Amino acid sequence: MVKAVHIIGAGLAGSEAAWQCVSRGVPVILHEMRPKRMTEAHQGGGFAELVCSNSFRSDDKHGNAVGVLHEEMRLSNSLIMGMGDMTKLPAGGALAVDRDKFSEAVTTILQQHPLVTVEYGEVKGLPPKEWGNTIIATGPLTAPALAQDILKTTGEDSLAFFDAIAPIVYKDSIDFDIAWMQSRYDKKGPGGDGADYINCPLDKDQYETFIDALINSDQTEFKDFEKDTPYFESCLPIEVMASRGAETLRWGPMKPVGLTNPHNPTVKAHAIVQLRQDNALGTLYNMVGFQTKMKYGAQAEIFKTIPGLQKAVFARLGGIHRNTFINSPKLLNSQLQLKGREDIRFAGQIMGVEGYIESASFGLIAGRLAAAQALGQSMDMPPRTTALGALMEHVTGGFMDGPKSKFQPMNVNFGLFPPMEEEIVYKSPDGKRLRGKDKTRFRKGLLANRALNDILPWAKA
């Protein structure tokens, strides 16, 4: 007899984890508190309910990182992708689904599976050790009792607060004819060389225009269930700081002191935007202090007025919203188990990823790991060169460490992928040199093709 895996939460990640287990002959006890106890966002008791958009975003497996993730999951026998494809709606290059039919399909398959037992009711704390092999997949709106027990056990402070996210830019899209690398006062921090930040200078007119744009920008409203969670003063939206006075940002994240522009050393900048390395590969840089509630369109338009960022390509735009997630690189081991409680794994958005498919992908990985454990087997991690592997690396330690670093949720993007090992020759089939968007598209295509080749042995295991 194979002992059942307990899975807490029947959202996207929990449902996917359950499917991966039963597909390998491992029974599952699936715990779901809805509809007995509802969250502030869910409307019903169905599994894998989509509470916001009905889009799984781009389905382009050759040029978009989330499209690559879609395909890797399809190759890995994903329930979420299978039901997504079955209930899809016309949406151009994106994969959008009929949210009701999608949830109904996932619910029916799991409820009727002979190896799935569903137990309804709230799990009000970390599971007892007697349960053994357990996956917590309770999402960003984890019930307070369980969230507090996780907090008490881990001693971490990253639960149920406004998650302040700064925009992240691809380094290769920054104009270094304007920007330059330098740490303030050339200080060498841990592992640094005195040139750890990218600096973008603004003169007085540019700065004042930028402040006006921030104050008058189009901003999103908090959802009802977010309104009672206050800001931290240390992570105010940049537009809120700007509204407190024209000089606020010049004395805050945009202060120009301790920096000299090598392109124009005799002229002192009025203000400076700094970007800090965000991943170990050095492909992504975040805009320091630029958490924001501006709508995405406004962010892209306003931030591209910053000198050096006119052609910036964003891996992620900023935001502030209520979220519940753990400090995964510190708390989880390489098998996604809680250090000190190896009977517990985490999966989905609670472990620090953004997006429906990213959350489901960790259900897929955690489910496979738990099933292997139940069967007395071992399971390798997906290769780092794949979308699944790149997300694993981010969650288990691929971000920059240091006193000012902070683990933040992330959508999948090509900036998380290791660069190609061989030098890329940016030429079209007819020998013409590729530039701009054509060059970027070509590079992404190479990364995508490598990922889809490298995932095959793991997906079929």
Can you tell me the orientation of helix 99-111 relative to the chain, as the angle in degrees between its alpha-carbon axis and the longest Cα principal axis, to the nearest 10? 40
Percent of Cα-Cα pairs per 5 Å bin, from 0 to the last occupied bin, for the range 6-70, please list those. 4, 15, 19, 18, 17, 15, 9, 3, 0
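What size of dipole, in debye to the nearest 20, comes out for the range 235-296 about its Cα centre when the only charges are +1 on Lys and Arg C-beta atoms and -1 on Asp and Glu C-beta atoms?
Values: 7 positive and 3 negative charges, 22 e Å.
So the dipole magnitude of the range 235-296 works out to roughly 100 debye.
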Pull out a ≥ b ≥ c, the square roots of the eigenvalues of the alpha-carbon gyration tensor of the range 271-397, then state rounded if a/c is under 1.5, prolate if not and a/b is larger than b/c, and oblate in the remaining case. prolate
Any residue on another chain or 5+ positions along whose placed amide H is under 5 Å from the amide H of residue 273 is listed here as 200, 202
How would 19, 251 line up by accessible area, probe 1.4 Å, largest first? 251, 19
What share of the DSSP beta bridges in the chain is antiparallel, in percent to the nearest 5? 65
Accessible surface of residue 31 - all protein chains present, 1.4 Å probe, nearest 10 Å²: 10
Starting from the Cα of residue 439, draw a straight line to each of the lysines and keep only those under 27 Å, dropping any in the same chain fewer than 8 residues away. 61, 171, 304, 311, 427
What the 10 Å binned alpha carbon P(r) of the range 241-335 shows, as percent of pairs per bin from 0, is 12, 36, 35, 14, 4, 0
Value in Å of the Kirkwood radius, where the chain supplies the Cα pairs that are averaged: 23.3
Can you list residues whose amide H is under 5 Å from residue 89's amide H, if they're 5+ apart or on another chain and H is modeled 1.01 Å from N? 96, 97, 98
Just to check I understand the Karplus step: with θ = phi - 60° and J = 6.51 cos²θ - 1.76 cosθ + 1.60, what whole-Hz values come out for the range 114-127, glycine and proline as x? x, 9, 10, 10, 9, 10, 8, x, 6, 8, 9, x, 4, x
What's the percent breakdown of Cα-Cα distances in the range 1-146 across 10 Å bins, shortest bin first? 11, 40, 34, 14, 1
Placing +1 at every Lys and Arg Cβ and -1 at every Asp and Glu Cβ, with all other atoms neutral, what dipole size does the chain have around its Cα centre, in debye to the nearest 20? 540
Protein chains only, probe 1.4 Å: how do 197, 296 rank by accessible area, largest first? 296, 197
Just going by the charge dipole of the chain, with Lys and Arg at +1 and Asp and Glu at -1 on Cβ, which of 113, 336, 289 is farthest out on the positive end? 336
Taking the Cα atoms of the range 336-439, report the difference between the largest and smallest coordinate on each principal axis, in whole Å and largest first. 56, 37, 25
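With every protein chain present, what is the per residue accessible area of the chain (1.4 Å probe, Å²)? Spell out each step's value before the answer.
Working: 20430 Å² over 461 residues.
About 44 Å² of surface per residue is accessible.
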Taking H placed 1.01 Å from N in the peptide plane, check which residues at least 5 places from residue 31 or on another chain put their amide H under 5 Å from its amide H. 7, 8, 9, 119
Given the DSSP H assignment, sum -39500 (n - 2.57) over each helix run of at least 4 residues in the chain and divide by its residue total; what's the result at 222 nm in deg cm²/dmol, nearest 500? -9000 deg cm²/dmol
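The values are calculated or read from the model by the stated rules, or taken from the named source; none is laboratory data. Please read these numbers as outputs of a predicted model, since none were measured by experiment. All Cβ positions, glycine included, derive from the backbone under ideal geometry; neighbour counts span all protein chains shown. Remember, those area values only see protein heavy atoms, side chains included, never the ligands or the DNA or RNA. Shrake-Rupley method; radii C 1.70, N 1.55, O 1.52, S 1.80 Å.
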